[in-house]
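The values are calculated or read from the model by the stated rules, or taken from the named source; none is laboratory data. Everything numeric here is computed off the predicted structure, so don't read it as measured data. For neighbour counting, all protein chains shown are included, and Cβ atoms are generated from backbone atoms with ideal geometry for every residue, glycine included.
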Amino acid sequence: MSNLASRRTTGPLNERQRRILDWFYQGYQQEWIAEEMELSRQTVAEHMRVIILKLGVRNSWHACAKWSAYVAHLKTARDLAAAAALETDPRTREVLTELAARERRIADRLVEPMP
């Protein structure tokens, strides 16, 4: 694998890859995504290939399942952070803040590249 190709399949998902994966997760087809992003269908397919490699999954279905877990943990983290912001008891606020940070770390690990 060339150095350029290696760099494209390592590292975190970039913003474009996250958008494409999120749209796949929501059920949009490659043609719609390509049109919406003003890309060719082949470019969208190549982005999905790289996403699959980065996430260390077998196919786009598995990538969407991993993204679904990411979205769920991220929502939980946001809900816990919001609850912490409203909490008046300092210890409870601290626990909620710690739980929110833990959920965020779990979410981030789900979309980190596989070693």
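Mind checking which residues of the range 92-115 are free of Cβ contacts under 8 Å to residues at least 60 places away in the same chain, of a type in the set (D, E, K, R) and within 22 Å of Leu53 (Cβ to Cβ)?
Asp108, Arg109
Could you name every one of the helices (runs of 4 or more DSSP H) located completely within the range 1-103 that has at least 1 residues being modelled with pLDDT of 95 or more and among the β-branched types (Val, Ile, Thr)?
Correct list: 15-25, 30-37, 41-55, 60-86.
Quick grid of which residues meet (1) exposed (fewer than 15 other Cβ atoms within 10 Å of the Cβ); (2) under 18 Å from the mean Cα position of the chain (by Cα):
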{"site": "Arg19", "(1), (2)": "no, yes"}
{"site": "Glu35", "(1), (2)": "yes, no"}
{"site": "Glu38", "(1), (2)": "yes, no"}
{"site": "Gln42", "(1), (2)": "yes, no"}
{"site": "Val50", "(1), (2)": "no, yes"}
{"site": "Lys54", "(1), (2)": "no, yes"}
{"site": "Thr76", "(1), (2)": "no, yes"}
{"site": "Pro90", "(1), (2)": "yes, no"}
{"site": "Arg93", "(1), (2)": "no, no"}
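Does Ala69 count as farther than 19 Å from Arg109 by Cβ and among the hydrophobic types (A, V, I, L, M, F, W, C)?
No; evaluated as a whole, the condition is false for this residue.
If you check every pair at least six apart or on different chains, which have Cβ atoms under 7 Å apart with a residue in the range 79-91 that is touching a residue at least 12 places away in the same chain (Cβ under 8 Å) and of a type outside the set (Gly, Ala, Ser) first and a residue that is in a helix (DSSP H, G or I) and surrounded by 12 or more Cβ atoms within 10 Å (Cβ to Cβ) second?
The qualifying pairs are Leu80/Leu96; Leu80/Leu99; Leu80/Ala100; Leu80/Glu103.
May I ask you to verify whether Glu46 is acidic (Asp, Glu) and either over 21 Å from Pro113 (Cβ atoms) or in contact (Cβ under 8 Å) with a residue 40 or more places away in the chain (or both)?
no
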